[in-house]
1. With mean projected area of the Cα convex hull in nm² defined as stated, name the option among (i) 3.6; (ii) 4.9; (iii) 3.8 computed from the structure displayed.
2. On a 0 to 90° scale, report how tilted helix 2-56 is relative to the longest principal axis of the chain, with both axes built from alpha carbons and the result rounded to the nearest 10.
Amino acid sequence: MQILKAIGKTLNQPATLLVNAIFHKLSFWLLTCISLFVLATGSQSRARTKSQISTSH
């Protein structure tokens, strides 16, 4: 039982580290995508307002 517990611990540690690394990468990727999306929509709306202002004058 002791050996099995030790094996479980050694197998569990890298697995949790891997899950943590994957989670961090995914969260970073999601944040990057969200920020890019926000920037894209913001610049698009700004361009739209600029074009509206130029056409109205």
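Just so you know, all these numbers are worked out from the coordinates, no wet-lab data involved. As the structure is a computational prediction, the values presented were derived from the model and not from experiment.
1. Here mean projected area of the Cα convex hull in nm² agrees with entry (iii).
2. 0 degrees
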